[in-house]
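One structure below.
No value in this document is a laboratory result; all are computed from the given coordinates. Fair warning: this is a prediction, and the values are worked out from it, not measured in the lab. With ideal geometry, Cβ positions are generated from the backbone for all residues, glycine too; neighbour counts draw on all protein chains shown.
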Amino acid sequence: MDVALKTVSNKAGERGAIVGGCTFVGRWLISWMTWELSGKVSINFKDPSSLRILTKCLLHHDFNLTVEIPEDRLVPTLPLRLNYIIWIEDLMLSIDKRDNIIGLDIGTGVCAIYPLLGVIKNKWKMIGTETDQRNFDLAQRNVTQNNLQHLITISKNPTDTLVEYLFTENSDLMFDFCMCNPPFYSNIEELCESRSVARPEPKNCFTGSLQELITEGGELKFIRKLIAESKTFKDKIR
Ligand SMILES: C[S@@+](CC[C@H](N)C(=O)[O-])C[C@H]1O[C@@H](n2cnc3c(N)ncnc32)[C@H](O)[C@@H]1O
């Protein structure tokens, strides 16, 4: 829990920690900051470039990870991604699973964010899958530039299945858990209309490409498929 809190609290009081820790992008982040006369420092969460630089800085500062996030792709919100990792940590502890943990991340994205966090924070081994060629290429690059290719495999999914193709390619694969942040929408109209007018305006801006956010049949079909395939391959989860 401490890592997530530390990361979340950076935007409040730890100005020095963010700027001081991010040696390679620190100057970039400074140029995205607003300095008030009171000494309060903030960044504009409505600006995708600020979000991208902040995520890169936090990953570097808190996890010693150097990642590339292109302008046209989803910027992972670090506290949310950490919360998912922490939830899985708790699940693993609840079944007394502490060592040699192997996880599967379906749709790992350009950053391979869950594999990178899982490996650095918990020493898990991870496989991240991707259908999008550009995400696959950059995810692989983000893994190798952090020298984590012995712990993380990025797998290109050439099918519209979710886990089936993995076991067709290698029937010996076994996992301790499977995680997924699925594409949510079935088309662009749904994406544009998804937010209820009753909800307050989001504090941060929207990032992500259509291929990351849209899937045929939307989140519901995606998750139904995952449940069906999980039933077929239930023996592949330890
Ligand atoms: C919402 S993004 C999540 C990216 C990243 N995991 C994150 O949380 O920031 C969903 C990702 O799933 C990928 N994807 C969609 N269908 C897939 C499938 N059948 N197998 C593997 N990846 C898939 C998309 O290309 C996209 O990168």
Estimated inter-spin distance, LEU210 and SER42, nm [label 7 Å along Cα→Cβ]: 3.5
Members of LYS203/LYS225; LYS40/LYS203; LYS123/LYS236; LYS56/LYS121; LYS46/LYS221; LYS121/LYS221 lying beyond 25 Å, as alpha-carbon distances in this model show: LYS203/LYS225; LYS46/LYS221; LYS121/LYS221
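If you rank LYS156, LYS231 by fewest surrounding Cβ atoms within 10 Å, what's the result? Could the numbers behind the result be given before it?
Values: LYS156 15, LYS231 8.
So the ranking, lowest neighbour count to highest, is LYS231, LYS156.
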Prolate/oblate/rounded call for the stretch 147-238, Cα gyration tensor, a/c under 1.5 rounded: prolate
Relative exposure of CYS111, CYS178, judged by other C-beta atoms within 10 Å (fewest first): CYS178, CYS111
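Share of Cα-Cα pairs in the chain beyond 32 Å, in percent?
Numbers: 6456 of 28203 pairs.
Cα-Cα pairs of the chain separated by over 32 Å account for 23 percent.
Based only on other Cβ atoms within 10 Å, what is the fewest-to-most ordering of MET179, MET174, MET126? Could you put the intermediate results ahead of the total?
Values: MET179 20, MET174 11, MET126 26.
Least crowded to most crowded, the residues run MET174, MET179, MET126.
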0 to 90° range, to nearest 10: angle between helix 133-144 axis and the chain longest Cα axis: 70
